[in-house]
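Notes follow the structure.
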Amino acid sequence: MAFESSPPRFLLRGNSRLDLYVNDVTFQRMLEALDMASNATGRLKKLMAVLLGFRAPGFRAINHLSARNQRLNEYQMEAVEKALSARDIYLIHGPPGTGKTVSCVEVIHQAVERGDTVLATADSNIAVDNLLEKLVDVGAKVVRVGHPARVTPLLREHTLDSLIEDNKRFREVQQLREKAFTLLDERANHSYPQMKWRRGMSDQKIKNMAAKGAGFRGVSSQKIKEMAGWINLRDRINSLFNEAERIEEEIIEEIFEDVDVVCTTNSTAGSELLQERFFDLLVIDEATQSTEPSCLIPIVHAKRVIMAGDHKQLPPTILSQEAEREGLSKTLFERVLKLHGDEIRSVLRIQYRMHRDIMDFSNQEFYNNNLIADDVVEFHRLSDLGVEEGSNPVIYLDTEGMDSRERTRKGSTSKENPLEAGLVSAIVDLLLQEGVKARDIGVISPYDDQVDLLRRNLPPDVREELEVKTVDGFQGREKEVIIVSFVRSNPKGVIGFLSDLRRLNVSLTRAKRKLILLGDSGTLCEHETYHRLIDYLRERASIFSCLEDFRV
C-alpha cells in the first residue's frame with residue numbers, strides 16, 4: 001500500500017498499527033540476478049564472459065546511419081553508430097551537458113527501426129522518467145512499468161496501469177471483480193466450514209451431503225447446507241477473480257506486443273511482470289550511479305547492453321562503510337572500461353550548457369581538455385536574458401579572514417557555516433533585484449545542515465521557487481545561476497568529504513550563465529585540487545573579499 005501523503009485516519013485508529021521496516025525487495029532481486037549471472041548459460045553466458053574480461057567484446061558491420069534526430073553532433077552520432085554495432089556491450093561517456101540521454105534515445109530509436117525489442121532502465125525513478133519523456137517526444141511507442149505514484153504525473157498516461165485501464169476490455173475486468181466483491185459480501189451470511197464442523201468431510205463431500213439434504217456425524221443438514229453455500233460462493237469468487245486475472249494478463253501481453261520500448265528502474269526489471277521477458281537490447285542511462293548488482297538485474301534479461309554515464313560525476317549512494325571498503329562504489333561502467341578500454345567507449349565532447357569560463361576548470365581537471373563549448377553557449381551571459389551584469393561568468397567570494405568558522409550542530413555529523421549562509425541570502429537578493437528569476441537560481445552545498453540553514457534564511461516566497469539542495473540533489477540538473485557554498489573553514493585546513501572530487505565536478509558544472517562560489521581559500525587550498533581551483537579563479541574569475549564590493 002502506498003500513500004502520497006499521510007495515511008487515512010481510519011488506519012491510525014483502534015487496533016491498527018503502522019510499522020516501518022526496510023524493504024529488501026531490491027536486495028533480493030540483486031541476489032537473484034547475481035545467481036543467474038553466476039550460473040549463466042547460452043547468450044547470457046557469452047555476455048557475462050565479456051563483462052568479466054574472459055572474452056573480448058565483438059562488433060558487427062552496420063550500414064551508415066541516417067540520424068532520426070537531425071540535431072545530433074558528430075560525436076553523438078559516432079557514439080550511436082558504435083553502440084549499435086556492438087555485439088555485447090558499449091559505453092557512452094557523457095560529461096556534463098553533452099547530451100548522453102539524447103544519444104541513448106537515438107540508439108533506442110534506431111534499434112527499434114531495426115526490429116529490436118528494447119528495455120530502457122536507470123537506477124532512479126527520476127532518471128527513468130527523464131528517459132521516458134524524451135522517448136515520448138520522438139514518438140516512440142513506450143510503456144513505463146512501475147508504481148504510478150512514483151512516476152511524474154505528466155507521464156502517468158504511459159504507465160502500464162494507465163494503458164491497462166484504457167484498454168476496451170478492462171471494463172470487463174472491472175465487472176468481474178465487482179461481481180466477485182459482491183459475492184464476498186454475500187458469503188459472509190454463510191457458515192465457514194471450520195474443522196470442527198467438517199468431521200472429516202472434504203469440500204466435495206459437503207456439497208454432496210447438501211444436495212441430499214442429509215446430516216453427517218452429528219452435523220445438521222442445515223449446517224451442511226450453509227457450509228456448502230460458502231464453498232460454492234468461494235468457488236464462484238475464485239473463478240471470477242481468475243477470469244479477471246486471465247483477461248488482465250491478456251491485456252498486458254497485448255500492451256507489451258504493441259510497444260517498442262519498456263522503461264523501468266533497474267530494480268523493477270526484476271519484478272514478476274518482467275521475469276520471463278527477454279530483450280534484444282538493454283540501455284542503462286545514468287549507469288555510473290548504479291551499483292554493479294543493480295545493473296545486473298536488467299542485464300540478465302538482455303542480449304546486448306549499452307550503458308551511458310560519467311564516472312567523473314557522482315557515484316552510487318553506498319550507505320554501508322563495509323560495502324564501500326569492498327568496492328561496491330566502483331560501478332560496472334568503470335570496471336568494464338578498465339577491462340576493455342576505449343574500444344568499447346565513445347566520449348561525447350560538445351557541451352550545450354555552460355559558458356566556456358564555467359566549463360574550463362572541470363574540462364582541464366577531469367576531462368583532459370576534451371570538452372568543447374557549443375557556439376550557442378560558449379559566450380552566453382545573463383545579459384542575454386536582460387539582466388545587468390558587470391562581472392565575469394564566474395565569481396568567487398573569498399571568506400578567508402572573515403568570521404567564517406564552520407560549526408557542527410549538537411547531535412549532528414554534518415556541518416554548517418552561518419556566515420556563508422548569510423552571504424548567500426544577500427547574493428540571492430542582489431540577483432533578484434537585478435532581474436534574475438528565482439526559478440533560474442540554484443544553491444548548492446555539500447552539507448545537509450548548511451542546506452537546511454540556507455533554506456531557513458530565505459524568505460518564504462523565494463524559498464518556494466528557488467532550489468536549495470545538496471550536490472547529490474543537483475546531479476543531472478542545471479540552472480542559469482548556481483551559487484555554491486563550500487562551508488569548510490577551520491585552522492587545520494580539513495575539508496572532509498569535499499575531497500570527493502566527483503562532488504566538486506558536479507557542483508562546478510550545473511551553471512549555464514553564472515557560477516558564484518563562496519569559500520575560505522585558506523582552508524580549501526590545503527587540498528591540491530582546490531588549490532588549483534583557487535589559482536584558476538584568480539586568473540579567470542571576478543574575486544571579491546567582502547560583500548560591499550560584490551557585483552553580479
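Counting just the residues of the range 361-370 that are in contact with a helix residue (DSSP H, G or I) (Cβ under 7 Å, 6 or more places away or on another chain) and surrounded by fewer than 19 Cβ atoms within 10 Å (Cβ to Cβ), which one comes out farthest from Glu81 (Cα to Cα)?
The extreme case among them is Glu365.
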Residues located in the range 77-92, provided they are open to solvent by 10 Å² or more (accessible area, probe 1.4 Å) and either among the basic types (Lys, Arg) or within 23 Å of the chain's Cα centre (by Cα) (or both): Lys82, Arg87
Filtered residue count, the range 505-545, keeping only those that are part of a loop (DSSP other than H, G, I, E, B), in contact (Cβ under 8 Å) with a residue 40 or more places away in the chain and not hydroxyl-bearing (Ser, Thr, Tyr): 3
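Specify which of the listed residues (Arg177, Arg171, Arg156) is in contact (Cβ under 8 Å) with a residue 40 or more places away in the chain, surrounded by fewer than 21 Cβ atoms within 10 Å (Cβ to Cβ) and basic (Lys, Arg).
Arg177
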Options Val487, Val494: the member that is open to solvent by less than 10 Å² (accessible area, probe 1.4 Å) and either under 22 Å from Leu458 (Cβ atoms) or not small (Gly, Ala, Ser) (or both): Val487
Subset of the range 318-333 [open to solvent by less than 70 Å² (accessible area, probe 1.4 Å) and within 22 Å of Ser346 (Cα to Cα)]: Thr331, Leu332, Phe333
Contacts under 7 angstrom Cβ, first residue in the range 405-427 being in contact (Cβ under 8 Å) with a residue 24 or more places away in the chain, partner polar (S, T, N, Q) and assigned to a helix (DSSP H, G or I), 6 or more apart: Lys415/Gln450; Glu416/Gln450; Asn417/Gln450; Ala421/Gln450; Ala421/Asn457; Gly422/Asn457; Ser425/Asn457
Members of the range 256-283 that are of a type in the set (A, V, I, L, M, F, W, C) and either open to solvent by 80 Å² or more (accessible area, probe 1.4 Å) or out of contact with any strand residue (DSSP E or B) (no Cβ under 6 Å at 6 or more places or on another chain) (or both): Phe256, Leu273, Leu274, Phe278
Answer from Glu420, Glu389, Glu400 - the residue that is under 24 Å from Tyr536 (Cα atoms), open to solvent by less than 80 Å² (accessible area, probe 1.4 Å) and in a loop (DSSP other than H, G, I, E, B): Glu389
Hey, Ala541 open to solvent by less than 10 Å² (accessible area, probe 1.4 Å) and either of a type in the set (Gly, Ala, Ser) or more than 28 Å from the chain's Cα centre (by Cα) (or both) or not: no
Of all residues in the range 403-417 being in contact with a helix residue (DSSP H, G or I) (Cβ under 7 Å, 6 or more places away or on another chain) and buried (at least 21 other Cβ atoms within 10 Å of the Cβ), the one that is modelled with the lowest pLDDT: Ser404
Of all residues making up the range 199-214, the number that are open to solvent by 40 Å² or more (accessible area, probe 1.4 Å) and not hydroxyl-bearing (Ser, Thr, Tyr): 10
Residues that are open to solvent by less than 50 Å² (accessible area, probe 1.4 Å) and among the basic types (Lys, Arg), drawn from the range 93-116: Lys100
Residues satisfying the stated conditions in the range 332-375, i.e. closer than 27 Å to Arg71 by Cβ, basic (Lys, Arg) and in a helix (DSSP H, G or I): Arg356
Pick from the range 300-331, criterion among the β-branched types (Val, Ile, Thr) and not in a loop (DSSP other than H, G, I, E, B), ranking: farthest from Thr509 (Cα to Cα): Val305
Residue under evaluation Val347, criteria (1) surrounded by 20 or more Cβ atoms within 10 Å (Cβ to Cβ); (2) more than 30 Å from Gln275 (Cβ to Cβ), criterion not met: (1)
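Please specify each residue of the range 59-76 satisfying the condition of being surrounded by fewer than 23 Cβ atoms within 10 Å (Cβ to Cβ) and not in a loop (DSSP other than H, G, I, E, B). Break it down stepwise before answering.
Filtering the range 59-76 for residues surrounded by fewer than 23 Cβ atoms within 10 Å (Cβ to Cβ) gives 59-75.
Passing the criteria: Phe59, Glu74, Tyr75.
Does any residue of the range 379-386 turn out to be in contact with a Ser or Thr (Cβ under 8 Å, 6 or more places away or on another chain) and open to solvent by 20 Å² or more (accessible area, probe 1.4 Å)?
No.
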Of residues in the range 66-96 being of a type outside the set (Lys, Arg) and modelled with pLDDT under 95, the one farthest from Val336 (Cα to Cα): Gln70
Residue in the range 310-317 that is touching a strand residue (DSSP E or B) at 6+ places or on another chain (Cβ under 7 Å) and open to solvent by less than 30 Å² (accessible area, probe 1.4 Å) present: yes
Residues within the range 437-452 that are in contact (Cβ under 8 Å) with a residue 60 or more places away in the chain and either open to solvent by less than 10 Å² (accessible area, probe 1.4 Å) or among the small types (Gly, Ala, Ser) (or both), tallied: 2
Residues within the range 117-147 that are surrounded by 24 or more Cβ atoms within 10 Å (Cβ to Cβ) and closer than 21 Å to Val347 by Cα, tallied: 4
Checklist (1) open to solvent by 60 Å² or more (accessible area, probe 1.4 Å); (2) charged (D, E, K, R); (3) farther than 30 Å from Thr159 by Cα applied to Arg246, failing item: (3)
Members of the range 426-472 found to be among the hydroxyl-bearing types (Ser, Thr, Tyr) and part of a strand (DSSP E or B), listed by number: Ser445, Thr470
Pairs with Cβ under 6 Å, 6+ apart, first in the range 206-223 and on the phi > 0 side of the Ramachandran plot, second open to solvent by 50 Å² or more (accessible area, probe 1.4 Å) and in a helix (DSSP H, G or I): Gly213/Ser221
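Can you go through Asp161, Asp185 and tell me which one is at negative phi and open to solvent by 80 Å² or more (accessible area, probe 1.4 Å)?
Asp185
The values are calculated or read from the model by the stated rules, or taken from the named source; none is laboratory data. Since we're looking at a predicted model, the values are computed, not measured. Glycine gets a Cβ as well: all are built from the backbone with ideal geometry, and neighbour counts include every protein chain shown. Side chains included, ligands, DNA and RNA excluded: accessible areas come from the protein's heavy atoms. Shrake-Rupley method; radii C 1.70, N 1.55, O 1.52, S 1.80 Å.
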